[in-house]
């Protein structure tokens, strides 16, 4: 896309939620001001943003540029108080683009990068593969290859990426056992078998070093989550029992093997269809925080738990939401003992801090969006000073992306 067609508007906010001036691609950015960036392009949709903070603290954001004929995965870096020009990662005409199953970007410890997206594998509506591509310098990307090697024309997606030593831990939902029989708009399935969750370890050259099946019966279309504790990886996902209880399950890497699935908390949410609302997990040294959505007994809630022993045990859940939540959670650590969780209440994105003792900060309205699927899942990261929030703006005929930066000094991390 030509530079002249890509616009970034920057809104500077001097008091919370009050816009004071609007300029075109402003670069003189004061760190103590709240900013909102609007990304738009002529005649194409910009959607499915994803935020990534590299191990050395560099901030990246990726998105899909979607036209009638072609999809392009691009990213930009936050450099010198502005966003870099877009860099193309991959493009294609046969991608599977889904509001809840967005492409992702991650950085290895050595600074090299990888990205994943979904590509159709056959004529069936829900026959698609997870594709991965790698870059040493961030500008030249390898030819995409398929992550999994089962060769089935079934669903594969809902990836999570976590740097693990010199490698990358990848988890995903894998439909190889389902036979590809049916996927309906309400997310009920008529599979021969069940959706599974798998994990693999890859190096920065794209070599798959190991692969495991973590659980052979899980919810079909909820995001997975992973984090690395002091004792190793932990993976969370929405489990699925024979009686259609779909609570959050977890597995841990202990003594060079994965544990059996354990329930994070027994909400006992019985639902025959996938709610398309996966859990979020973050780790800080020996601490772990997990947030998730449930609607057990018809009561929608966002809950959060902490662990102080690398996920071996968890606190009692704390309720986060205000009573009208639709989930769509994001989660990040602000400092040890304190996280920021964001979620949606109808058409609004809220955020609040949660401390390890269970105390809640004030719920803040961070942004206005849409509860339609086309608005996707808001994303957040914390860079040590600022909370970054990204979401798809679907309020006009052509979708746009908005990113908000909110400064957090010591006195307002509450």
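Between region 140-175 and region 65-128, the alpha-carbon centres lie 13 Å apart. What is the distance in Å between the Cα centres of region 315-341 and region 261-302? If you average the Cα positions of each part, the centres end up 11 Å apart. Among 370, 241, the order by Cβ neighbours within 10 angstrom, fewest to most, reads 241, 370. Ranking of 342, 369, 82 by neighbouring Cβ atoms within 10 Å, starting from the fewest: 82, 369, 342.
Residues 46, 73, ranked from the fewest to the most other C-beta atoms within 10 Å, line up as 46, 73. Extension gain, residue 42 to residue 91, is 15.9 nm, computed as 0.36 nm per intervening residue step minus the present C-alpha separation. Computed over region 232-379, the quotient of the alpha carbon radius of gyration and 2.2 N^0.38 Å is 1.02. The stretch between residue 79 and residue 140, if pulled fully straight at 0.36 nm per residue, gains 20.1 nm over its current Cα-Cα span. Taking packing as the residue-averaged number of other Cβ atoms within 10 angstrom, the listed peptides 309-317, 328-336 run from highest to lowest as 328-336, 309-317. Largest mean-square fluctuation among 374, 226, 257, in a Gaussian network model of the chain whose springs join Cα atoms under 10 Å apart, belongs to 257.
For the chain, averaging the sequence separation of C-alpha pairs within contact (under 8 Å, six or more residues apart) and dividing by the residue count gives a relative contact order of 11 percent. In vacuo Debye scattering of region 89-135, one point per C-alpha: log10 I(q)/I(0) at q = 0.28 Å⁻¹? Calculated log10 I(q)/I(0) at the listed q: -1.05.
For region 306-414, the square roots of the Cα gyration tensor eigenvalues, ordered a ≥ b ≥ c, give a/c of at least 1.5 with a/b greater than b/c, which places it in the prolate category. Translational diffusion coefficient of region 51-379 (Stokes-Einstein, Kirkwood radius from Cα pairs, 37 °C, 0.692 mPa s): 163 µm²/s.
Remark: relative contact order (region 196-298) = 23 percent; criterion is Cα-Cα distance under 8 angstrom and separation of 6 or more residues.
No lab work stands behind these numbers, since they all come straight from the coordinates. Quick caveat: nothing in here was measured; it's all calculated off a predicted structure. A quick note on method: Cβ atoms are made from the backbone with ideal geometry, for glycine too, and the neighbour counts reach across all protein chains shown.
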